[in-house]
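The structure appears below as structure tokens.
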Amino acid sequence: MSLKSAIQPECLPKHVAIIMDGNGRWATQRSQDRNLGHEQGAVAVRETVEAAAEIGIEFLTLYAFSTENWNRPKDEVNALMNLLVRSIHNETPTLMKNHIRLRAIGNLDSLDAKTQEILDEAIEKTAQNTRMTLVLALSYSGRWEITEAVKHIARDVQDNQISISEISEKTVSKAMDTAFMPSPDLLIRTSGEYRISNFLLWQLAYTELYFTNVLWPDFNKDEFYKALIDYQKRERRFGKTSQQLELI
Ligand code: IPE
Ligand code: IPE
Ligand code: MG
């Protein structure tokens with residue numbers, strides 16, 4: 001039986017988020033430059049996006065570049081930005097063909113003008129696509145996002161748009177970059193690291209976490225299916241007891 005056929009279509013996660021990690025180690029293991037790992041990582045992105053769209057995932061969020069990744073050597077940052085521009089440019093026709101909408105979250109103003117332009121173009125071009133939303137987290141960090149949301153809400157209080165007593169979890173969620181999508185149901189992290197690395201701190205509150213030792217360039221459709229199968233074995237209780245869930 002293929003892995004894909006073991007997935008129950010009626011219990012799919014709506015939103016899958018992925019921390020794509022291990023590109024550098026993948027290259028180092030082959031005595032290659034780290035940037036070759038990133039290039040190969042882009043191939044894994046293509047395959048994963050295709051798998052997610054085919055199976056019926058509604059939102060796929062990929063952590064592509066963190067706020068902290070700016071601290072990497074300049075050469076690597078440049079190579080990553082060039083790869084990003086090239087990938088968006090080359091993949092936009094495929095996104096159109098597969099009816100995938102592109103969005104981005106993060107401090108996009110910190111990207112250089114050329115990157116912003118290519119990104120904006122692709123977002124605009126794909127805006128009407130409805131099969132799946134692919135979200136790239138770029139120059140993103142959860143703490144940055146929460147800090148920006150706090151500033152936004154504080155401004156609204158100052159301008160008498162909202163009173164302090166009216167601030168709810170919903171107010172905070174709406175002030176986030178991710179306001180347009182539901183919280184992730186499943187988070188996948190590759191490369192055997194067991195941490196969140198400043199990703200979606202607010203949104204991961206009740207997300208199921210899946211860790212695999214596979215390095216990101218080796219991630220493929222079957223690895224994605226394995227994560228979905230594992231997810232479908234979980235019981236999401238949201239604080240309730242198992243017995244309460246049986247009654248629903
Ligand atoms: C993930 O792979 C890609 C980015 C963070 C941009 P890494 O480059 O972190 O690979 P490792 O963790 O060094 O192996
Ligand atoms: C997390 O990977 C960021 C991305 C995948 C874009 P890192 O490799 O930067 O995370 P740490 O430094 O190991 O926590
Ligand atoms: Mg890493």
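At a glance:
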item: Straight-distance crosslink candidates among lysines, where the alpha carbon sits under 19 Å from Lys226 and sequence neighbours closer than 8 are dropped; result: Lys4, Lys14
item: Charge dipole magnitude, Cβ of K and R +1, D and E -1 - the range 59-171, Cα centre, debye nearest 20; result: 400
item: Amide H within-cut-off set for Arg103, under 5 Å, with H built and near neighbours excluded; result: Leu134, Val135, Leu136
item: Sparsely packed trypsin sites (Lys or Arg not before Pro) within the range 174-248, loop by DSSP, other Cβ within 10 Å at most 15; result: Arg195, Lys233, Arg234, Arg236, Arg237, Lys240
item: Packing-based exposure ordering (other Cβ within 10 Å, fewest first) of Leu228, Leu84; result: Leu84, Leu228
item: Note, ³J(HN,Hα) from phi for the range 11-18, Karplus 6.51, -1.76, 1.60, rounded to Hz, x at Gly and Pro; result: 10, 6, x, 6, 10, 10, 10, 10
item: Local electrostatic count at Arg234 - Lys and Arg +1, Asp and Glu -1, tallied over other residues with Cβ under 13 Å; result: -1
item: From phi via Karplus (6.51, -1.76, 1.60), per-residue ³J(HN,Hα) for the range 181-187 in Hz, x at Gly/Pro; result: 9, x, 5, x, 8, 9, 10
item: Length gained when the stretch Asp75-Leu3 is fully extended (0.36 nm per residue, less Cα-Cα span); result: 22.0 nm
item: When each of Lys114/Lys151; Lys74/Lys221; Lys151/Lys174; Lys174/Lys221 is checked by Cα-Cα distance, pairs over 21 Å; result: Lys114/Lys151; Lys74/Lys221; Lys174/Lys221
item: Formal net charge of residues neighbouring Thr212 (Cβ-Cβ distance under 11 Å; K, R +1; D, E -1); result: -3
item: Neighbour net charge for Ile19 - beta-carbon separation under 13 angstrom, K R +1, D E -1; result: -1
item: Within the chain, longest stretch free of exposed GluC sites (Glu not before Pro) [DSSP loop, at most 14 other beta carbons within 10 Å]; result: 1-192
item: Per-residue ³J(HN,Hα) for the range 123-131, Karplus 6.51 cos²θ - 1.76 cosθ + 1.60, θ = phi - 60°, Hz, x for Gly and Pro; result: 5, 5, 5, 9, 4, 8, 6, 10, 6
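Readers should treat all values here as calculations from the given coordinates under stated rules, not as data from a laboratory. These numbers were taken from a predicted model, which means no experiment stands behind them. Neighbour counts are summed over all protein chains in view; Cβ atoms, including those assigned to glycine, are modelled from backbone coordinates with ideal geometry.
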